[in-house]
Amino acid sequence: MTTADTASSLEYITGARQELTVVLPARLRRIPNWSEGPFPFELGSRRTDTPTRSTYFAPASARALYGAPGRPRRWHLPLDVKHDGLRLLGVELLRAATARDPEHALAVLHFGVDRPLLPVLRALADRGFATTEEPLTGLTGPFDPALLLDGIADVRSQSTPFAISRPYTIAFLTPTAHHAPALRDGREGELPATADRWLWQLASRSNAQDFPLAPEAAADHLRDAVRISADWSALVLRQGAAFLGHRLDTGEDDFYGFGALHTRTVYLDALLLGSLQRDHIDELTDELSEVFSQPRHLARRVTALERNIAHFRSGYWRQHLTAHGTANELLLAFQNQHRLPARFNEILAEAADYSRLVQTQESQQISGTLGVLTILGLPLGTALGILQVLDDKSPSHLLLALALSIAATAGVLTTRYGRLVLSSLRGGESGR
């Protein structure tokens, strides 16, 4: 590998500032005795606790992310664990209950990284390794989620619902003076093509050997890149997101400290909201696929489906969640990666079709019931009317009239109209 290839691949690059957030699906076993609310990162006098973060979001989105007074949905535990070039700063749990899975949760692990970042990301994505050094094995040892969440939550296996193929990662890297491939040409100069390649590698957790971008398709892969400012960009993909600086990071008091704070807080929460939306839409899609599994309970299933859709729309479905433009753009990018708007529109259309089907069946059942009442009542009413006109009170004649009306009813039921009425009744009953 040449020096240029090494710089372009990020395989051996350690940025001036490197941070990593890992999101894992989990099953909540009990409410943790941790502090309530999201992890309150601090920068100077600024503390990103629940009241501060809630100002960035619409009330419904804030309730989905942080809960409400007396009904918390998020907890955090500060830690300081160092191992193999990584430092675990803390753990969060977000209760993400759905209609079918009230114990669903998302676990969030916050790391600082003091070694090349890309190999860490590739390990979490279970990529192969190009070097002969001992490869990272992901979240093991003191970073094992099963150990960190012992007795509180179980990390999902890949075979369970809502499991993602690998942990979702959010990477943040700022360059030094030696990292020319990521730097703008001057304060307002153009970005080199290698900057977007770095951004792609961090977000996709891959190098050029894992996933070589075709030049003809590179623009499509990078269409959701968010140019936050001249200083940095973001890219959101299905399994990861990345934030990359485009000018020299001058140290602790640099603007990038504020950028890192936003990445771990507001921007993380926008992506967490996208994850909640994805999980609910996955569940609604699965619920749609089971509507006809028990045809006799179709109406009940469709009613429950419509109720769950209404709950999702009122509590979770937001495409513009805040006045903060970048957080909105990140959420929209996440939704586009998972086709959430298109999938939800398909769910609405399919649910509307099922609702019309139920209404049609109920109308048929009502019509069939009225038809049966007509077929049964007309002969009997006619016979009783004749006896009343004749002032005939003989029990034998009454029984004879009843028998003749039953025979007439049976005869009518054998006609085309009678068969149609019975068919309507059977169809309506099958929809229950």
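The values are calculated or read from the model by the stated rules, or taken from the named source; none is laboratory data. In this text the structure is predicted, and so the values were computed from the model without any measurement. Neighbour counts run over all protein chains shown; Cβ positions are idealised from the backbone, glycine included. Ligands, DNA and RNA are stripped out before the accessible areas are found, and what is left, the full protein with its side chains, is counted by its heavy atoms. Shrake-Rupley method; radii C 1.70, N 1.55, O 1.52, S 1.80 Å.
Some points to look at:
- Residue in the range 38-51 that is over 25 Å from the mean Cα position of the chain (by Cα) and in a helix (DSSP H, G or I) present: no
- Subset of the range 76-100 that is charged (D, E, K, R) and under 30 Å from Arg301 (Cα atoms) - its residue that is least open to solvent (accessible area, probe 1.4 Å): Arg95
- Check on Arg301, closer than 30 Å to Arg356 by Cβ, open to solvent by 30 Å² or more (accessible area, probe 1.4 Å) and under 19 Å from the mean Cα position of the chain (by Cα): no
- Looking only at the range 53-101, and only at residues there that are touching a helix residue (DSSP H, G or I) at 6+ places or on another chain (Cβ under 7 Å) and hydroxyl-bearing (Ser, Thr, Tyr), the one that is nearest to Leu271 (Cα to Cα): Ser61
- Residues satisfying the stated conditions in the range 169-212, i.e. assigned to a loop (DSSP other than H, G, I, E, B) and buried (at least 20 other Cβ atoms within 10 Å of the Cβ): Pro175, His179, Leu183, Arg205, Ser206, Asn207
- Residue match in the range 237-248 (condition: more than 25 Å from the chain's Cα centre (by Cα), open to solvent by 10 Å² or more (accessible area, probe 1.4 Å) and not acidic (Asp, Glu)): yes
- When Ala230, Ala225 are checked against the criterion of being touching a residue at least 24 places away in the same chain (Cβ under 8 Å), closer than 25 Å to His110 by Cβ, surrounded by 14 or more Cβ atoms within 10 Å (Cβ to Cβ) and of a type in the set (A, V, I, L, M, F, W, C), a single residue qualifies: Ala225.
- In the range 249-289, of all residues being within 30 Å of Ala99 (Cβ to Cβ) and among the polar types (S, T, N, Q), the one that is surrounded by the fewest Cβ atoms within 10 Å (Cβ to Cβ) corresponds to Ser289.
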